[in-house]
Amino acid sequence: MKLLPSPLVCRDAVELASDYLDGTLSRRDRRRLEKHLAQCDACTAYLDQMRATIAASGTVGPEDLSSDVIEGLVNLFRQYRSDN
Amino acid sequence: MDDAELLESLLGGDESAFTELVRRYHPTLLKVARYYVASASSAEDVAQDTWIAVLKGIERFEGRSSFKTWLLRICANRARTSGVKEHRSIPVDPNESGPTVSAHRFDQGGFWSDPPVPFTDAIDTRLDNAALLGAVRDAIDNLGEPQQAVVTLRDVEGLTTQEVVTLLGLSDANVRVILHRGRARVREIVEEAMKGSKI
């Protein structure tokens, strides 16, 4: 007889979130998680938060650089151009 | 303009194309460098050297990888060399095996006692909300190493896990664990910020 995988509790389910979203969970863990999510609104909300956080991370764009930093690098560029 | 167009202009000596590439990538170069070297000022030096290497090498860049990948690889190689000279040890996650969600949010059976409140709708409909994006950015900036470098490369810059593995010299499994912990921390900080300010 094939043993059924043990059901997940929320505390363990959240630890699978990142791999689940990246599609890198084993098939067995994916099934266990999906089974849990089907019955758990809170973990579904957690996963949605995680998904939204990753999406937002991809839209934050580069930090603003100070004008001093940009000026320093542009001067480097000018120096390089005049030397070469 | 996309990177390829900027690169084309840079080849023609266009200063504004250079400035735009600097705006786009200098902050990430600093983060990659900071992962390997001992101080912020060393990271500045590495990032600056990277731009010089770009100017020197741009004519030989054949476009087999994206400009971003090429640039970050130059930076990582230089930073790695500097880090070795400084005897800097590669940062390890100090809490690598602990839970990513506070134990007090679960009951004794492991089920939520303080469940998360969905904020997907708020993010989806107000993606350009400066306060929310500010919270995400602050959260990423406040991550310790190695989480900051991994989350920045994977989620902010959109690199693949394999590219992050190559750039940071970590194993695939390590990148996944660090990414998981970093993302969980960012989510937690954003959740707190949203609770506090009702973004």
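Structural remarks
- Residues of the stretch A:54-67 include at least one that is more than 10 Å from every other protein chain (Cβ to nearest Cβ) and either of a type outside the set (F, W, Y) or in contact with a Cys (Cβ under 6 Å, 6 or more places away or on another chain) (or both).
- Selection status of B:D172, under 17 Å from B:S97 (Cα atoms), surrounded by fewer than 23 Cβ atoms within 10 Å (Cβ to Cβ), at pLDDT below 95 and within 11 Å of chain A (Cβ to nearest Cβ): yes
- Set side by side, the residues A:Q39, A:Q79 differ, and just one is more than 8 Å from chain B (Cβ to nearest Cβ) and under 17 Å from B:F106 (Cβ atoms), which is A:Q39.
- Residue within the stretch B:176-191 that is under 19 Å from B:A43 (Cβ atoms), assigned by TED's automatic domain parsing to the domain that holds B:V117 and among the basic types (K, R) present: no
Matching residues to (1) at pLDDT 90 or above; (2) more than 30 Å from B:M1 (Cβ to Cβ):
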site: B:E20; (1), (2): yes, no
site: B:T28; (1), (2): yes, no
site: B:Q48; (1), (2): yes, no
site: B:K56; (1), (2): yes, no
site: B:S66; (1), (2): yes, no
site: B:H87; (1), (2): no, yes
site: B:T100; (1), (2): yes, yes
site: B:Q108; (1), (2): yes, yes
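- Flag if B:G57 is within 20 Å of A:L76 (Cβ to Cβ) and more than 17 Å from the chain's Cα centre (by Cα): yes
- Test: residue in the stretch B:60-83 that is more than 14 Å from the chain's Cα centre (by Cα), of a type in the set (D, E) and in a helix (DSSP H, G or I): no
- Selected residue (criterion: farthest from the chain's Cα centre (by Cα)) from residues of the stretch B:15-25 that are surrounded by fewer than 22 Cβ atoms within 10 Å (Cβ to Cβ) and within 9 Å of chain A (Cβ to nearest Cβ): B:E15
- Applying the criterion of being surrounded by fewer than 21 Cβ atoms within 10 Å (Cβ to Cβ) and touching a helix residue (DSSP H, G or I) at 6+ places or on another chain (Cβ under 9 Å) to the residues of the stretch B:186-197, the residue that is nearest to the other protein chains (Cβ to nearest Cβ) is B:E191.
- Residue in the stretch B:31-41 that is in contact with a Pro (Cβ under 8 Å, 6 or more places away or on another chain) and not small (G, A, S) present: yes
- Residue match in the stretch A:59-66 (condition: part of a helix (DSSP H, G or I) and either closer than 30 Å to B:V22 by Cβ or among the hydroxyl-bearing types (S, T, Y) (or both)): no
- Against the test of being under 20 Å from B:L179 (Cα atoms), more than 8 Å from chain B (Cβ to nearest Cβ) and not in a helix (DSSP H, G or I), the options A:L25, A:L21 yield a single qualifying residue, A:L25.
- Failed item, numbered, when B:G12 is tested on (1) closer than 24 Å to B:D138 by Cβ; (2) modelled with pLDDT under 95; (3) within 13 Å of chain A (Cβ to nearest Cβ): (1)
The values are calculated or read from the model by the stated rules, or taken from the named source; none is laboratory data. Quick caveat: nothing in here was measured; it's all calculated off a predicted structure. A quick note on method: Cβ atoms are made from the backbone with ideal geometry, for glycine too, and the neighbour counts reach across all protein chains shown.
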